[in-house]
Amino acid sequence: MMSSCWQITFSPKTEPSDDFKQFLEDFFEVTAQNYDDNGNDDYIGYCSDFDEQLMIKASSNITLPPYKVEKLESTNWLKDYVIRFAPFEVDDFLIYGIHEEQTPKTDKIPLQIYAATAFGSDHQTTRSCLKAICDLYHQGFTPQKILDIGTGSGILSLAAARLWPNAQIIAVDIDEEAVLVTQSNAQNNQLDSHIIACQSNGYQSELVRNNAPYDLILANILARPLLEMCHDTSNSLSNGGYTILSGFVDEQEDWVINNHQQQGLTLSKLYRTDNWRAALMQKE
């Protein structure tokens, strides 16, 4: 990925389906997302070689939104076009990318993130989850065991490790690449002794099951998998424990929250960033 590549930018008019998002992950070498305050996000795929007819064939079971195709000329397209993002602050944290030559000056807790091949480090839902983590910390909550489902770049696990250095943190993702990125980010931030990252489809791995119950479960994924796992989430929480759920939009809010309430969780706080939502819920 050190030479020129193809960039395919999809511009859906409505929230795309989970099948479309899965297609992006399966077909392209790297995916990214550009966020719009009005919710009209662009979904971007990068690949070294591109065959439009092959893409259409691979997506035959879904309707592709409008897209444009561009060839990017660069000696390092991954760095120049994908991983570069400006440092940003969220409550107690400053997040900055690996392309920064120096740690930005800050009185916040710095976290350095490589996120090109793992979804979500600068998404509205990530910001809301970081706010919820900080809220719990300032309330005096001290979890001993933390589970991060769908860890992506590992950013939430890194934040939790900074705030609760004595906690045992397990970070899992269905995508092997995300696990590798999380491990790399943990090492770069000198937090690898605090975080165990492994591949798991939700709660299915032995590592996840054998270490339950958890005092805090982080799940910044999508509405449908949140619902599919809501029973396991409740069963895997300790009494008095919290879960931070995100990755759903305003019209899915009642759907997600009501289903988790039916599993014995109560809503503590709802976070709204643009049309995205995050819910802090507790098992009493």
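On the basis of being assigned to a strand (DSSP E or B), in contact with a helix residue (DSSP H, G or I) (Cβ under 9 Å, 6 or more places away or on another chain) and surrounded by 24 or more Cβ atoms within 10 Å (Cβ to Cβ), does Ile244 make the cut? Outline the logic, then answer.
Values: assigned to a strand (DSSP E or B): yes; in contact with a helix residue (DSSP H, G or I) (Cβ under 9 Å, 6 or more places away or on another chain): yes; surrounded by 24 or more Cβ atoms within 10 Å (Cβ to Cβ): yes.
In short, yes.
In this structure, does Thr233 turn out to be among the hydroxyl-bearing types (Ser, Thr, Tyr) and modelled with pLDDT of 95 or more?
Numbers: among the hydroxyl-bearing types (Ser, Thr, Tyr): yes; modelled with pLDDT of 95 or more: yes.
Spelling it out, Thr233 is indeed among the hydroxyl-bearing types (Ser, Thr, Tyr) and modelled with pLDDT of 95 or more.
Looking at Ile169, Ile195, Ile155, Ile174 in this structure, which one is in contact (Cβ under 8 Å) with a residue 60 or more places away in the chain, out of contact with any Phe, Trp or Tyr (no Cβ under 6 Å at 6 or more places or on another chain) and on the phi < 0 side of the Ramachandran plot? Show your work before the answer.
Numbers: Ile169 fails: in contact (Cβ under 8 Å) with a residue 60 or more places away in the chain; Ile195 fails: in contact (Cβ under 8 Å) with a residue 60 or more places away in the chain; Ile174 fails: in contact (Cβ under 8 Å) with a residue 60 or more places away in the chain.
Of Ile169, Ile195, Ile155, Ile174, the one residue that is in contact (Cβ under 8 Å) with a residue 60 or more places away in the chain, out of contact with any Phe, Trp or Tyr (no Cβ under 6 Å at 6 or more places or on another chain) and on the phi < 0 side of the Ramachandran plot is Ile155.
Restricted to the range 184-196, and to residues that are surrounded by fewer than 24 Cβ atoms within 10 Å (Cβ to Cβ) and either among the hydrophobic types (A, V, I, L, M, F, W, C) or in a strand (DSSP E or B) (or both), which residue is farthest from the chain's Cα centre (by Cα)? Give the steps one after another, and end with the answer.
Going residue by residue through the range 184-196, those that are surrounded by fewer than 24 Cβ atoms within 10 Å (Cβ to Cβ) are 184, 186-194, 196.
Still in the list and also either among the hydrophobic types (A, V, I, L, M, F, W, C) or in a strand (DSSP E or B) (or both): 186, 191, 196.
Working: Ala186: 15, Leu191: 18, Ile196: 17 Å.
Result: Leu191.
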- Ala212: open to solvent by 30 Å² or more (accessible area, probe 1.4 Å) and either out of contact with any His (no Cβ under 9 Å at 6 or more places or on another chain) or not charged (D, E, K, R) (or both), yes or no? yes
- Message: One residue is enough: does the range 175-183 have a residue meeting the conditions touching a helix residue (DSSP H, G or I) at 6+ places or on another chain (Cβ under 9 Å), more than 29 Å from Glu25 (Cα to Cα) and either open to solvent by 10 Å² or more (accessible area, probe 1.4 Å) or modelled with pLDDT of 95 or more (or both)?
- Response: no
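Applying the selection to the range 130-150, what residues are open to solvent by 10 Å² or more (accessible area, probe 1.4 Å) and either within 19 Å of Thr31 (Cα to Cα) or part of a loop (DSSP other than H, G, I, E, B) (or both)? Even if it seems obvious, please write down each step before you answer.
First pass over the range 130-150, keeping only residues open to solvent by 10 Å² or more (accessible area, probe 1.4 Å): 131, 135, 137-142, 144-145, 150.
Gln139, Gly140, Phe141, Thr142, Gln144, Gly150 - these are the residues of the range 130-150 that are open to solvent by 10 Å² or more (accessible area, probe 1.4 Å) and either within 19 Å of Thr31 (Cα to Cα) or part of a loop (DSSP other than H, G, I, E, B) (or both).
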- Note on the structure: Counting only residues that are open to solvent by 20 Å² or more (accessible area, probe 1.4 Å) and in a helix (DSSP H, G or I), the range 247-282 contains a total of 9
- Exactly one of (1) open to solvent by less than 70 Å² (accessible area, probe 1.4 Å); (2) modelled with pLDDT of 90 or more; (3) more than 20 Å from Arg224 (Cβ to Cβ) is unmet by Leu54. Its number? (1)
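Look at the range 25-49 and say how many of its residues are open to solvent by less than 60 Å² (accessible area, probe 1.4 Å) and either modelled with pLDDT of 90 or more or in contact with a Cys (Cβ under 6 Å, 6 or more places away or on another chain) (or both). Please lay out each step first, then the result.
First, the residues of the range 25-49 that are open to solvent by less than 60 Å² (accessible area, probe 1.4 Å): 27-28, 30-33, 36, 39, 41-48.
Subset that is either modelled with pLDDT of 90 or more or in contact with a Cys (Cβ under 6 Å, 6 or more places away or on another chain) (or both): 27-28, 46, 48.
Residues flagged as open to solvent by less than 60 Å² (accessible area, probe 1.4 Å) and either modelled with pLDDT of 90 or more or in contact with a Cys (Cβ under 6 Å, 6 or more places away or on another chain) (or both) within the range 25-49 amount to 4.
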- Note on the structure: Per the filter on the range 230-241, residues within 19 Å of Ile174 (Cα to Cα) and surrounded by fewer than 16 Cβ atoms within 10 Å (Cβ to Cβ) are His231
- Message: Can you pull out every residue in the range 216-229 that is assigned to a helix (DSSP H, G or I) and surrounded by fewer than 23 Cβ atoms within 10 Å (Cβ to Cβ)?
- Response: Ala223, Arg224, Pro225, Leu227, Glu228
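Provide a single number: the residues in the range 198-215 that are part of a strand (DSSP E or B), within 23 Å of Leu280 (Cα to Cα) and among the hydrophobic types (A, V, I, L, M, F, W, C).
Matching residues across the range 198-215 total 0.
The values are calculated or read from the model by the stated rules, or taken from the named source; none is laboratory data. Since we're looking at a predicted model, the values are computed, not measured. FYI the Cβ positions are ideal-geometry reconstructions off the backbone, even for glycines, and counts take in every protein chain you see. Heads up: the accessible areas ignore ligands, DNA and RNA and are worked out on the full protein's heavy atoms, side chains in. Shrake-Rupley method; radii C 1.70, N 1.55, O 1.52, S 1.80 Å.
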